[in-house]
1. Return only the number of the condition from (1) assigned to a strand (DSSP E or B); (2) over 21 Å from the mean Cα position of the chain (by Cα); (3) not basic (K, R) that D277 does not satisfy.
2. Can you confirm whether segment 270-283 contains a residue that is within 26 Å of L58 (Cα to Cα) and touching a helix residue (DSSP H, G or I) at 6+ places or on another chain (Cβ under 9 Å)?
3. Please enumerate the residues belonging to segment 190-212 that are within 11 Å of R281 (Cα to Cα) and open to solvent by less than 30 Å² (accessible area, probe 1.4 Å).
4. For segment 233-274, how many residues are in a helix (DSSP H, G or I) and surrounded by fewer than 19 Cβ atoms within 10 Å (Cβ to Cβ)?
5. Assuming R172 fulfils every condition listed in (1) open to solvent by 10 Å² or more (accessible area, probe 1.4 Å); (2) assigned to a strand (DSSP E or B) apart from one, which condition is it?
6. Name every residue in segment 87-98 that is without any contact (Cβ under 8 Å) to a residue 60 or more places away in the chain and either surrounded by 18 or more Cβ atoms within 10 Å (Cβ to Cβ) or assigned to a loop (DSSP other than H, G, I, E, B) (or both), in order of residue number.
7. Which residue pairs have Cβ atoms under 7 Å apart, sit 6 or more places apart or on different chains, and have a first residue in segment 60-71 that is free of Cβ contacts under 8 Å to residues at least 24 places away in the same chain and a second that is surrounded by fewer than 16 Cβ atoms within 10 Å (Cβ to Cβ) and in a loop (DSSP other than H, G, I, E, B)?
8. Go through segment 68-86 and count every residue that is buried (at least 17 other Cβ atoms within 10 Å of the Cβ) and not charged (D, E, K, R).
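The values are calculated or read from the model by the stated rules, or taken from the named source; none is laboratory data. Just so we're clear, the structure is a prediction, and the values are computed from it rather than from any experiment. For neighbour counting, all protein chains shown are included, and Cβ atoms are generated from backbone atoms with ideal geometry for every residue, glycine included. Please note that ligands, DNA and RNA were not included when accessible areas were found on the heavy atoms of the full protein model with its side chains. Shrake-Rupley method; radii C 1.70, N 1.55, O 1.52, S 1.80 Å.
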Amino acid sequence: VSEAASAGAPAPPRSAAKRPSSPVEGAPAAQKPRASRGFLKPPAPTDAELWTAFKRRLADWGRVVPHPVIEGLIAVEDALTPAEEDALSAALLPYFDEIELKQQYQTRAFHLGPFNRGGNPCACDHMANKIWAGTEYAKGGDNQYEPVPQIREPVEPPAAIPAGPLTDLRRRIHAVRVPGCLEPNSLDGILYDRPGSRIGAHRDDPWSGKTVWLHTLDGAAMMTFVLRESVTRKKYQKLKGEQIKVSLPRRSLLIVSGHAREELNHSIEVGDVDYSDRGRRISLTYRESTMPDAWATHRCSPDGSCRVHGPNPRPCALCRPPP
């Protein structure tokens, strides 16, 4: 040993050879897994999962009773308290006082919010091309259907839903998050208070959103559902020609969506209304309306006729052919 080493002189630098980065000498280094930054999103819930979660939230309203056969038809018993019913009735009754009796149905009805619903002019006109193709009203003919106008100027706002019980209920509906995104910006009230009160068989306006939210106040009724003639879905073929009666107890809620909304007509027949001790039944329906109010001149009647008049009347793009 030299004197320099024994005296504590610094040792020569070691070789700069790197350690192997793999347990196997000379093998390529393994790459570290990258940390997830949210690129892997969980799968979107299915429609069935959305409706299952919705029914759980709906249980806060009352006893939920889905229809055993018709998809999209859900009843909720005791959805309102007696106090809530009284407040809603008090808010609705003054409107009926200003409405003339509909002689055909022996009812009074009013509307708040946008009059027409759904879509945009291009979508409506595109649908009309298909509906009236091959008829005298087809596009390009002398008697072409009336296209939906492009609305560019401001329009007069419709009668709004007033603050109070009607708006409170509207907020409560929005908070429950109905699948299909029900934004209840319009409502319809119908007063049944005569022995002949009824409502004819129909399917709700196709421009009024995917879900209809119907409350029964002050009385009760039986609603009749009938499969539409054009329906070809196998699961419902056995229902053709049958009347499906659905009970609407006082203070109940009926949600109509999906197949129930699209594939069946509904009505309330004479004798199917229970007027209770108040001598009336009020139907309060909330819907999602998005069509500009200025399209009201192109609103069609349930029988497929249209308000477009003149020397040569023709249907508009919102019309449906009569059944």
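1. The one condition D277 does not meet is (1).
2. Within segment 270-283 (the criterion being within 26 Å of L58 (Cα to Cα) and touching a helix residue (DSSP H, G or I) at 6+ places or on another chain (Cβ under 9 Å)), the answer is yes, since at least one residue qualifies.
3. Once the filter is applied, which keeps residues that are within 11 Å of R281 (Cα to Cα) and open to solvent by less than 30 Å² (accessible area, probe 1.4 Å), segment 190-212 yields L191, Y192, S197.
4. Taking segment 233-274 and keeping what is in a helix (DSSP H, G or I), we get 234-239, 258-262.
Adding the requirement that they be surrounded by fewer than 19 Cβ atoms within 10 Å (Cβ to Cβ) leaves 234-239, 262.
The total comes to 7.
5. Just one mismatch for R172, condition (2).
6. Scanning segment 87-98 gives a single hit, E98.
7. R63/D78
8. Residues that pass the stated criteria total 8.
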